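The values are calculated or read from the model by the stated rules, or taken from the named source; none is laboratory data. The structure presented is a predicted model; accordingly, all values stated were derived computationally and were not measured. Every residue, glycine among them, receives a Cβ derived from its backbone with ideal geometry; neighbour counts consider all protein chains shown. Keep in mind that these areas ignore ligands, DNA and RNA; they rest on the heavy atoms of the full protein, side chains included. Shrake-Rupley method; radii C 1.70, N 1.55, O 1.52, S 1.80 Å.
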Amino acid sequence: MKTLIKNGRIVTAVDDYQADILIDGETIELIGKKLDVPADKIIDATDRLVIPGGIDPHTHMDMPFGGTTSADNFETGTIAAAHGGTTCIIDFAIQGKGTSILAALDTWHGKAGGRAAIDYGFHMIVTDLSPKDHVPEMRQLMDKEGVLSCKLFMAYPGVLLVDDATIFRAMSVAADHGGLICMHAENGVVINEIVARALAEGKTGPKYHALTRPVLAEAEGVHRAICLAEMAGAPVYIVHLSCAEALRKVKEARDLGVPAFAETCPQYLFLDYTYYERENFEGAKYVMTPPLRDKWHQEELWTGLRMNDLQVVSTDHCPFCFADQKQLGKDDFTKIPNGGPGVENRMSLIYNGGVVPGRISVNRFVEITSTAAAKIFGLFPRKGTIAPGSDADIVIFNPNKKMTISAKTHHMNVDYNCYEGMEVTGVTETVLSRGKVVIEDGKYLGNPGDGKYLKRSSVQQALRSTVVSHR
Ligand code: URP
Ligand code: ZN
Ligand code: ZN
């Protein structure tokens, strides 16, 4: 099957030019001006951007958490992702405390296989790393299974938190294998103290989720993670960075040449603390960790993205329905399942908030929504760019079209949208996943299960590429 995309404006992290793209099967065969070649399908991309499919390296599909399970499974979540222009996710498998890492990987293969509509990889959340049983498993994970990144938690004592010795051990193993540790950097032990005080004072509403998780708890975690990584000789990737204080720690390290990477998420760029004060328990919709911060942090994060102190925008898509799941914490904010939806809205939000007002260039938009994640997580140049030989994961994006975000029209399996009523300029129109049109005219045309598992390679490329080198 040959597909020809004609008359589009091809934008990658570094290019911006008018040309046609010939796709042969699953990959890009040829790019050229006014290609006159036979094709089975021709797509006219006049006045459209033709960009690499989005890569969202932080999702939680079908994940047991907070006494319930995230509302999107791999089928509903990846179809929603495709609607929004994301053609690849990296999701988090979880090692149950004291159990096998490789068994957890099998469990997540079982959840995603036959359901995912787009390609996917896994990170592994490591909760136990005994030198005898688990270190060899982590080595196999990185050497043989294509899982080159593990997430560790400094938060959630007794559930997911691991101590500094474990973090250091994991970083040392990652360093041996060209892997990467992703860090949930919040000092959960101190946070638990503050939470206990709040509950003792009868402070149970959603806003106390934010008021018990100070920015310094995050900044301290980020600083500690970077120091531990430096001691272990490993790179580190800070997930869901939410505030200026934490960003400053990343910037200080990068200014010294330390290989520290970080992502932020749309919720921290567009939403703020005041959402927790919404009436009728609506604040629970925004209970996620780290919490939403005061509004002034947003511009600091945009500056971080512009200056490459933040490399990636992921979503941390972890949806729980308001009607039943968020209600678990009606009388106690600590029981509200932590997380929110967003996988479908990321590309439009970042284009609208970044490119339209001139905060970032269109190339930087592609870089932070696709290319940088491909490089950092060992998928480049198969993913994250438009070039001969790369997978034909392509989004035809209308930069002038407007749309109003709403739960009434979104495809995520969740009963609210964090950005309800927000009008965005810049909309995904057509999506190709490895050469196959999966979204056209607002309809999903693919088959759940078409998405393939991606064995990823060493992340060392990120260390050599412009992703880490400074401005
Ligand atoms: O609130 C959040 N972020 N839920 C998902 C789990 C995590 O920490 O990423
Ligand atoms: Zn986290
Ligand atoms: Zn997460």
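Brief remarks follow.
- Rounded to 10°, Cα long-axis angle of helix 244-255 versus longest principal axis of the chain: 70
- Whole-percent carbon and sulfur share, accessible surface of the chain, 1.4 Å: 51
- Largest first, the extents of the alpha carbon coordinates of the chain on the three principal axes equal 71, 50, 42 Å.
- Heavy-atom accessible area per residue - the chain, 1.4 Å, Å²: 35
- Between helix 134-143 and the chain there is an angle of about 10 degrees, using the helix long axis and the longest principal axis of the Cα atoms.
- Nearest-20 debye value, the chain charge dipole, Cβ charges on Lys, Arg, Asp, Glu: 480
- Of the trypsin sites (Lys or Arg not before Pro) found in segment 57-135, the ones in coil according to DSSP and having at most 14 other Cβ atoms within 10 Å of their Cβ are Lys97, Lys132.
- Across the protein chains, with a 1.4 Å probe defining accessible surface, the residues Phe92, Phe168 rank Phe168, Phe92 from largest area downward.
- Using distinct alpha-carbon pairs, which all enter the 1/r mean, Kirkwood radius of segment 1-116 in Å: 16.9
- About its Cα centre, the dipole of segment 65-185 is roughly 60 debye, where the only charges are +1 on Lys and Arg Cβ and -1 on Asp and Glu Cβ.
- Taken along the Cα-to-beta-carbon direction at a fixed 7 Å, the label points for Arg278 and Val356 span 2.0 nm.
- Against the chain, whose longest principal axis is taken from its Cα atoms, helix 188-200 shows a tilt of about 60°.
- By a 1.4 Å probe calculation restricted to protein chains, Arg248 has an accessible surface near 130 Å², given to the nearest 10.
- Dipole check for segment 322-373: with +1 at the C-beta of Lys and Arg, -1 at the C-beta of Asp and Glu, and the Cα centre as origin, the magnitude is about 160 Debye.
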